[in-house]
Amino acid sequence: LHYPLRRQRQMCIRDRPNQIEQLKKELASGQVVVVVGSGVSVAACSQQLVEGHKVATWTGLLEHGVDRLSAIGAEDGDAELLRGWIGSGKPDLMINAAEIITDRLKARSGGIFRGWLADTVGELRSQEATLLQDLAALPGLLATLNYDHLLEQVTGHPAITWQDLSLIHISEPTRPRL
């Protein structure tokens, strides 16, 4: 059955107690993947500035990227355009800006791009370790969309990328036999 989006939202809100109970069951069984993004980094590092930019945020990281492009002579007169896209808050324009920044930094050399990440998100330090510890204590897998190393710093666990799949150990859930 297909319901209009408004009806789906109403159904979702009415079913919230059941959804919460289901989530509790899934958590208890360890059958959950917790995915964290920049909001967790922002909360964990208390808006830490790196060279005047809040690089835990997507906007701050991209603004710093434009500054880095200008510093190495790779912005090709597009700094104002890129800043406009970033400031728009529109995901498609921000993605375009991110791709241009990445491509231009990598065009100089892969080391320039990696160095930029190390100089920005690599400098972030957790000010709120409890949040990250609480997330790490949840059963199941913990994944991040972030370039920073805040989770690794707090938990002591090494990062595993999509290229290291053999390092991920997932137990098969026990299924009842019919």
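Each residue in the stretch 72-88 was checked for being at pLDDT 95 or above and under 30 Å from Q153 (Cβ atoms), and 1 pass.
Scan V42, V50 and give me the residue that is at pLDDT 90 or above and touching an Asp or Glu at 6+ places or on another chain (Cβ under 7 Å).
On the way: V42 fails: touching an Asp or Glu at 6+ places or on another chain (Cβ under 7 Å).
Checking each option against the conditions leaves just V50.
For D67, state whether it is in a helix (DSSP H, G or I), open to solvent by 70 Å² or more (accessible area, probe 1.4 Å) and of a type in the set (D, E). Considered against the rule, which asks whether it is in a helix (DSSP H, G or I), open to solvent by 70 Å² or more (accessible area, probe 1.4 Å) and of a type in the set (D, E), D67 comes out as no. Sort through L145, L81 and tell me the only one that's of a type outside the set (G, A, S), in contact (Cβ under 8 Å) with a residue 60 or more places away in the chain and over 15 Å from C45 (Cα atoms). Answer to the selection: L145. Looking only at residues that are at pLDDT 90 or above and exposed (fewer than 13 other Cβ atoms within 10 Å of the Cβ) in the stretch 126-155, which one is nearest to R68 (Cα to Cα)? Per the criteria, the residue is T130.
The values are calculated or read from the model by the stated rules, or taken from the named source; none is laboratory data. Predicted, not measured: the structure shown is a model, and the values here were computed from it. Glycine gets a Cβ as well: all are built from the backbone with ideal geometry, and neighbour counts include every protein chain shown. What goes into the accessible areas is simple: the full protein's heavy atoms, side chains included, and nothing from ligands, DNA or RNA. Shrake-Rupley method; radii C 1.70, N 1.55, O 1.52, S 1.80 Å.
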